[in-house]
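Report on the following structure.
Just so it is clear, none of the values below were taken in a lab; they were calculated from the coordinates. Source: prediction; values computed, not measured. Virtual Cβ from ideal backbone geometry, glycine too; neighbours counted across all protein chains shown.
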Amino acid sequence: MLFIKEDISLASFNTFKSGGTARYFAEALSLDDIRTALSFSKKESIPFLILGEGSNILISDSGFPGLVIKITTSGIHFKTKDADTTLVTAAAGVHFDSLVSESVSRGLHGIENLSGIPGTVGAAPVQNIGAYGTEIKDTLFSVEVFDIESAKIFSLSPEECELSYRSSIFKKKKGSGLVVLSVTFLLTKTAPLLTSYRDIRTYLAEHTIENPDVSDIRRIILDIRSKKLPPLDQYGTAGSFFKNIILSRKEADILQKSFPAMPMFSLVSGEKKIPTAWILDNVCGLKGFKKDSVGLYERQPLAIVNLGGAKSLAIKEMSDFVIDSVRKKTGVILEPEVCFIGDFK
Ligand code: EPU
């Protein structure tokens with residue numbers, strides 16, 4: 001049975017802890033609930049918003065004028081394929097880190113570097129979540145979706161999901177009518193552990209850890225994250241607010257001439273990735289910058305933080321200010337990673 005509530009404050013349903021109310025709000029515990037909620041929004045001719053844990057969105061202070069459908073489906077299923085390989089399927093509403101924790105405790109490798117990422121399993125393929133040298137893309141087996149137009153359920157292969165840096169088909173127009181129901185990962189007991197990311201290498205050296213196992217890696221990642229990223233129990237935040245910058249080799253070479261110390265990482269595509277955090281810190285001097293109740297976190301300037309009671313508009317204004325500062329100093333236009341929901345005009 002689906003309960004549709006009215007005029008529900010969304011501040012406690014997103015990690016920025018800001019924003020207005022939803023005209024209608026429902027928690028969908030099953031596929032039937034999802035179908036019922038979607039038919040309600042169609043019947044009323046109002047927009048809908050599929051919500052997980054709200055860890056990558058900024059909701060406007062005027063709220064959302066339609067139906068917010070919070071996906072709370074549950075269940076993780078492990079299907080052993082052979083001695084080495086297991087298919088792990090989790091419902092969209094599962095907390096992503098519970099999936100990581102359960103997989104790691106079974107000795108399965110592949111998503112341990114994604115430990116501690118807030119949000120649900122359903123949101124993971126939407127923005128191809130990634131951290132410490134791993135992305136969902138690397139272990140994704142399939143995504144089960146509900147197609148609103150045809151009312152059919154089918155599976156998408158990783159290629160069909162069109163995963164790229166913090167993007168997928170679900171962020172594009174052609175995927176906007178697909179609701180993620182569950183996600184399956186292919187994990188193994190023997191895949192090499194990925195320890196090449198600088199923070200992990202430094203940690204292993206500093207703690208003289210020589211042969212970490214998959215549980216050690218999870219523990220290390222959680223420790224690194226706790227020291228770098230704003231804790232959700234103290235701040236309103238969505239982690240990185242902006243994407244890192246990807247430039248063609250030619251564009252990157254031009255920028256490097258003006259900023260010889262700027263770190264640049266070569267991608268297989270031939271392009272170069274530049275850490276936005278480095279620019280905010282070393283070019284714009286914005287690390288720890290604050291205005292009223294909004295700031296750039298003092299240990300990771302890529303994270304915009306609500307220091308307490310900030311309006312979403314103030315967070316958006318901070319984002320605009322950062323984009324402007326980077327453009328003036330470097331010519332580069334930053335792209336937000338966070339999705340803006342509702343009206344910000
Ligand atoms: N840096 C600075 N000053 C700082 C912090 C970083 O100069 O205060 C520079 C350093 O050169 C550092 C580089 O930025 O080597 C990269 O920093 P970091 O390793 O912390 O990662 P990031 O590129 O800033 C990305 C993801 C994070 C993910 C980390 C770890 C994006 C937009 N962000 O951040 O993802 O946890 O790598 O892999 O790609 C998120 O998406 O919400 C998120 C937290």
Query - Among the residues listed as Pro192, Pro230, the single one being crowded, with 19+ Cβ neighbours inside 10 Å and part of a loop (DSSP other than H, G, I, E, B) - result: Pro230
Query - strands (runs of 3 or more DSSP E) (entirely within region 2-56) containing at least 2 residues that are within 25 Å of the chain's Cα centre (by Cα) and within 22 Å of Pro336 (Cα to Cα) - result: 48-51
Report summary line: Residue count, region 237-255, condition over 28 Å from Lys316 (Cβ atoms) and within 14 Å of the ligand (Cβ to nearest atom), comes to 0
Query raised in the report: Which one is farthest from the ligand (Cβ to nearest atom), of the residues in region 265-285 that are over 14 Å from Thr330 (Cα atoms) and either of a type outside the set (A, V, I, L, M) or surrounded by 18 or more Cβ atoms within 10 Å (Cβ to Cβ) (or both)?
Result: Gly270
Query raised in the report: Would you say Leu140 is surrounded by 18 or more Cβ atoms within 10 Å (Cβ to Cβ), aliphatic (A, V, I, L, M) and away from the ligand (no atom under 16 Å from the Cβ)?
Result: yes
Query raised in the report: What's the number of the condition Ser41 fails, among (1) surrounded by fewer than 18 Cβ atoms within 10 Å (Cβ to Cβ); (2) closer than 22 Å to Glu149 by Cβ; (3) small (Gly, Ala, Ser)?
Result: (1)
Query raised in the report: Applying the selection to region 145-177, what residues are surrounded by 17 or more Cβ atoms within 10 Å (Cβ to Cβ) and within 21 Å of Ser41 (Cβ to Cβ)?
Result: Val145, Phe146, Ile148, Phe170, Gly175
Requested in this report: Consider Phe3 carefully, then state whether it is surrounded by fewer than 16 Cβ atoms within 10 Å (Cβ to Cβ), in contact (Cβ under 8 Å) with a residue 24 or more places away in the chain and farther than 30 Å from Ile200 by Cβ.
Outcome: yes
Requested in this report: Report, by residue number, each residue of region 227-236 that is in contact (Cβ under 8 Å) with a residue 40 or more places away in the chain and either near the ligand (Cβ under 8 Å from one of its atoms) or not basic (Lys, Arg) (or both).
Outcome: Lys228, Leu229, Pro230, Leu232, Tyr235, Gly236
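Residue by residue, here is whether (1) within 16 Å of the ligand (Cβ to nearest atom); (2) assigned to a loop (DSSP other than H, G, I, E, B) holds:
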| position | (1), (2) |
| --- | --- |
| Gln300 | yes, yes |
| Ile304 | yes, no |
| Gly308 | no, yes |
| Ala314 | no, no |
| Ser319 | yes, no |
| Asp324 | no, no |
| Arg327 | no, no |
| Ile333 | yes, yes |
| Asp343 | no, yes |
Query - Complete set of residues in region 236-264 that are β-branched (Val, Ile, Thr) and surrounded by 14 or more Cβ atoms within 10 Å (Cβ to Cβ) - result: Thr237, Ile245, Ile246
